[in-house]
1. Across region B:199-346, how large is the tail of the calculated P(r) beyond 27 Å, expressed as a percent of all Cα pairs?
2. Could you rank B:W201, B:W107 by how accessible they are, 1.4 Å probe, largest area first?
3. Regarding chain B, what's the average projected area of the Cα-atom convex hull, expressed in nm²?
4. Loop only per DSSP, at most 15 neighbouring Cβ atoms within 10 Å: give me the GluC sites (Glu not before Pro) in region B:314-389, ordered by residue number.
5. Take the residue pairs B:K28/B:K265; B:K236/B:K384; B:K28/B:K236 and return only those whose Cα atoms are more than 22 Å apart.
6. Can you pull the mean other chain C-beta count within 10 Å for peptide B:118-128?
7. Summarise the partner chain shielding of B:140-147 as one whole number: the mean count of Cβ atoms from other chains within 10 Å of each residue's Cβ.
8. Rounded to the nearest 20 Debye, what is the dipole magnitude of region B:357-423 about its Cα centre when Lys and Arg each give +1 and Asp and Glu each give -1 at the C-beta?
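The values are calculated or read from the model by the stated rules, or taken from the named source; none is laboratory data. Predicted, not measured: the structure shown is a model, and the values here were computed from it. Cβ: placed from backbone, ideal geometry, glycine included. Neighbour counts: every protein chain shown. Side chains included, ligands, DNA and RNA excluded: accessible areas come from the protein's heavy atoms. Shrake-Rupley method; radii C 1.70, N 1.55, O 1.52, S 1.80 Å.
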Amino acid sequence: MGAAGWERSAAASEQVVGICIIGLGNEHRGDDAVGIRIARQIASEGWDGVVAVPLNADDGTALLHAVRDAQTAYVVDAVSAEATPGTIIRLVLSRQSRFARFKRVQGEEKCPDGEEIPAPPPRPDRSRLRSPIGTISSHGLGVLEVMELGRTLGVLPERLVIYGIVGRAFDPGQGLSPEVERAAMQLIGRLYRIARRREAGRCTNSHW
Amino acid sequence: MTTPKQRTLTIKVDALARVEGEGALLIKSRDGQPQELRLIIYEPPRFFEAFLRGRDHAEAPDLTARICGICPVAYQMSSCNALEGLLGLAVPPEIRRMRLLLYYGEWIESHTLHVALLHAPDFLGYDSVIPMAKDYPDVVRRALQLKRTGNQIIALFGGREIHPINVRIGGFYAAPSREDALRLRDPLRQGLEIAQEIARWVAGFEFPDFEQDYEFVALRHPDEYAILEGRIVSNKGIDAAVSQFEDLFVEQQVPYSNALHATVKGRGSYLVGPLARFNLNFDQLSPLAREVARAVGISPPLRNPFQSIIVRSIEVVHAIDQALHLLDSYEPPERPWVEDAVKAGVGHGASEAPRGILYHRYRLSDQGLIEAARIVPPTSQNQKRIEDDLWRFAPRVLSLPKEQATWLCEQAIRNYDPCISCATHFLRVTIDDGRDATR
């Protein structure tokens, strides 16, 4: 097969911006909408140097495209895990390391840092963490799998931070649970502080 | 005490990997023969049909597009067909061409995702695309590039890649300029090359020798390989208008699944999707697509569901080929819609989603509100057929080690690229080993 055409490169059509924040989810399944809601909120506030992209998580490959030229990218999504709804967890992936640093973050409370969990094996432990982090999701690929694919293909950002908010209900319908709504506000505040501090990276803004 | 021959095996996949949505499989077998087999679909039961009641008919394309994040265009087109048919609206050729382009974009991205990222790993012995990408990085990169091109078509004509917002009853809210549309030509030309490479690649896989006597059902159009509309035809005598869909096919609730089982009235299960289209409409594929099909060694009759992966790749060649022809003559219509109307009555519509016939029926009040809706996706039509295939396929694999047997059954299900709508993407796979100690 011929030379690869899908690589890390800044094409003429791409716009260089500061920080890339991607909100994933399904806005028609309860708390699964939180990532999209966060991205839309940030986009509507127009933070300097930040592009926020809501993405329907049905298509993990779109996520790969969105992060491929970023130095640092932040991905926000709902997760289902054995934790109190509204808990915010953070996973940090790097291009070099096969391990993700995992930290439980709630509001301003800091928990012991540095627990390392392995990047997903081909069949990750789905019983522990639900989609899209750590699972092979519908229509292909969950977040960590997409990121693993990105690393394999050499298009992963230098640093990728995934913020997951533990959801309570994912039933069809719209509306976030109150604790998820509160966590979303906390996370937006956190991302704002990060954006102000973080050195400008590179991100694509290619949606119509 | 059981003898070595009296072995019972339970394969229970609580959630299927690499299929859209939430699905599960249960097989109980004895002595290598299945005794009980269930494909269990968790999809929210008829949520969207209920959700549509009381809404204005003009909202139907937008609302139904949210049923599926990978095939929203199919829902929009079937919805428009049904309502425009009732309201007596006929879209002119220039609007119809925009719809074709939009729909080809969906075929390209949906099929490419499935062929290269979801199904190909099965045939090469990989658990997922990730290990496959280590050994085939160029294939995966180029497949991602091709999929991206399909998404770009949808973004341009649909207004947004996911859940297009530019579609309305009677056409579109806005039309892209010719200049913007022609920017798709280069990526599509590259995509045509990639699509042919992928077709040759997948045609070289090893396929189980497994043929079934299917009743293939697809739409047939007088002038083109049916995608936007057509009559319902089958290889066993059906030739009917879409309005007769509910006279031809019966849906029955099965106790273990939220999805319904569909059969041809008076007969049995049937098959919609690429294999059905290929067998019924091969003569209408583009000359290039037919040439590629023959070059890789497939032509009708094709009855091995495992070779659906080749057919999907041929359909991608066809879709790109057709899209390039349409773009050559594309001019944005002055007004890309025809006026809506209000009329009471019942409308029926169908189009060929990537996975097969997608049927919509609406009953409207004289204020144009939806009083009732029925949506029959291709995967629910295929569900009984998938189970029938598994009944016949399972005996070949149940004597293998359990993990391998499970894997092959999941691979067989993925032949249908099943789409179990509007899921939250989570999947759990727990294997319940009912095996006794003698195995």
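1. Details: 4096 of 10878 pairs.
Of all Cα-Cα pairs in region B:199-346, 38 percent lie more than 27 Å apart.
2. Values: B:W201 45, B:W107 0 Å².
Largest to smallest exposure gives the sequence B:W201, B:W107.
3. 20.6 nm²
4. Numbers: sites: B:E315, B:E334, B:E339, B:E352, B:E371, B:E387; in loops: B:E334, B:E339.
The qualifying sites are B:E334, B:E339.
5. Working: B:K28/B:K265 29 Å; B:K236/B:K384 18 Å; B:K28/B:K236 33 Å.
Those over the limit are B:K28/B:K265; B:K28/B:K236.
6. Details: counts 4, 0, 0, 1, 0, 0, 0, 0, 1, 4, 11.
Counting other chains' Cβ atoms within 10 Å and averaging over B:118-128 gives 2.
7. Working: counts 6, 9, 6, 3, 11, 5, 2, 5.
Per-residue shielding by partner chains comes out at 6.
8. Numbers: 9 positive and 8 negative charges, 31 e Å.
That gives a dipole near 140 debye.
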